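One structure is given here, and the rest of the page talks about it.
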């Protein structure tokens, strides 16, 4: 069980957390929904000391709202960015993992495409692929379904195949 209890945080006179609490049972998926600036991300950052936060960040895959990517890199290179920083992975293993996660988000064969060739929804799926490529324990999504067409949105929101912990 992971829990946050009675968190309070202000930025100047702006109080963003007022006794916020959250419990997440191991293996469960939990969504915290709220308007921008209501403290969703702040709750995670505020609840740990600096060393613990850095250890936790190594176990988190993150999908940003704008599907941040490197426009000068191919889709495959974008997805492989974090994998290349990991020790012990060969180029062959990285290529296989990139193909695996691109297939999971319904972008098989897109590794050689440039971001300028993609639709908004495809950008989002590349961001999801990059987040799950490292097989993190946790995945944080900022506006996970924004920009996706209805069919892909339903797939991403309900897909158990995106389990980042499953074996290769």
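Values quoted throughout were computed directly from the atomic coordinates according to the rules given, and no laboratory measurement underlies them. Bear in mind that the values here come from a model prediction, so they are computed numbers and not experimental data. Using ideal geometry, Cβ is built from the backbone for each residue, glycine included, and neighbour counts are taken over all protein chains shown.
Of note:
- Rounded if a/c under 1.5, otherwise prolate or oblate - segment 1-47, Cα gyration tensor axes: prolate
- FRET E, pair residue 33, residue 106, Förster distance 25 Å, beta-carbon r, rounded to 0.05: 0.50
- You can think of it this way: the chain between residue 70 and residue 45 has 6.5 nm of extra reach, that is 0.36 nm per residue less the Cα-Cα gap.
- Here the residues 63, 101, ranked from fewest to most Cβ neighbours within 10 Å of their Cβ, fall in the order 63, 101.
- Relative contact order, whole percent, for segment 4-100 stands at 16, derived from Cα pairs under 8 Å and 6 or more residues apart.
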